[in-house]
Amino acid sequence: MTGDSFAHLTLAFGLLGNVVSFMVFLSPLPTFYKVYKKKSTEGFQSVPYVVGLFSAMLWIYYALLKANAMLLITINSVGCVIQTFYICFFLFYAPKKARIESLKLIMLMIVVGFGLIVVLTQFLANGTTRVAIVGWICLVFALCVFVAPLGVLRQVIKTKSVEYMPILLSAALTLNAITWFFYGLLLRDFNIAIPNVLGITFGVLQMILYFVYKNKKPVSDEKVSELEVKSVETAEPKISGKKDQEIIDVAKLSALISAIPVVTKINENTNDVDHDHLVVEPHVPNHTIEVAA
């Protein structure tokens, strides 16, 4: 491969990485539309967006220290703007307690954390040493971010449900990791390439799990159905006025369901057992964190 062809291929992967990363940055928009409609951020957290802003700023700093990394600067600059918008939007609609906690996190990560990294590397290191230190910080932080989907994978395996692991987002994150891996590989920058190996691995695992469990009945639904049938079968031969036993059956059912990773509610009307019912509400996991590189 000639030098020009090599440079063109690197540029192509970098541009593709910019496009895919931009789409990933926009993925939380439906969440913020819900916040706007509810006029409240209850049920949501600012952590993914503060971490996303910190990550984008860190990669910009690394790219400024390193030559031939303009495409890292462009996409992460866009990422900084988008994540800042998300954070401001969150703070506007957040309750007082959530707003204070978010501001503390911003001070800790952005002001103190990023500020210390810049100051210490500027005064205690120079030249290639500074680039290497910042590169390692970026690498370690990116690895920690890519480990985050492990919780989602565990939830999918445990519940046999892919309801909260959308395939399009998983595919986009995998494609994003692939493009930045090859971009880093072509630049011979392993601080960019290595974390994205983990991103590719987890992305492929997510898609495999999606196709394995997409048509399967969630564990919670199966257990609820089975327990309800058993409760009815037990109650049928004792319908002759033994309502106390029926109430105990409902209590046992709720106790068994409490072991499943969902939130349960039982009708408090115990005077008329025929109207007792069980409502199962799924637990929604944490948001996905978007990483540009």
Original post:
Going down the table (Lys38/Lys104; Lys38/Lys160; Lys39/Lys104; Lys66/Lys97; Lys66/Lys214; Lys66/Lys158), which pairs top 32 Å between alpha carbons?
Top reply: Lys66/Lys97; Lys66/Lys214; Lys66/Lys158
**OP:** Tally up the carbon and sulfur contribution to the accessible surface of region 21-158 as a whole percent, 1.4 Å probe, everything protein left in place.
**Re:** 73
Original post:
What accessible area, in Å² to the nearest ten, does a 1.4 Å probe give for Leu187?
Top reply: 50
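Accessible area per residue, 1.4 Å probe, Å², for region 10-78: what's the number?
On the way: 3150 Å² over 69 residues.
Ligands and nucleic acids excluded, the result is 46 Å² per residue.
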**OP:** Given the peptides 205-217, 78-90, arrange them by the average over their residues of other C-beta atoms within 10 Å, most packed first.
**Re:** 78-90, 205-217
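I need the shape label for region 57-127. Rule: rounded when a/c is under 1.5, else prolate if a/b > b/c, else oblate, with a, b, c from the alpha carbon gyration tensor. Display every interim value, and only then the final one.
Details: a/c = 6.38, a/b = 1.62, b/c = 3.94.
In terms of gyration-tensor shape, oblate.
Decide, for region 91-154, between rounded, prolate and oblate: order the square roots of the alpha carbon gyration tensor eigenvalues as a ≥ b ≥ c, take rounded if a/c falls under 1.5, and otherwise choose prolate if a/b is larger than b/c, else oblate. Write down the numbers at each step before the final one.
On the way: a/c = 4.79, a/b = 1.42, b/c = 3.38.
It is oblate, given that a/c is not under 1.5 and a/b is not larger than b/c.
The values are calculated or read from the model by the stated rules, or taken from the named source; none is laboratory data. None of these values were measured; they are calculated from a predicted model. All Cβ positions, even for glycine, are placed from backbone atoms using ideal geometry, and neighbour counts span all protein chains on display. All accessible areas refer to the heavy atoms of the entire protein, side chains included, with ligands and DNA or RNA removed. Shrake-Rupley method; radii C 1.70, N 1.55, O 1.52, S 1.80 Å.
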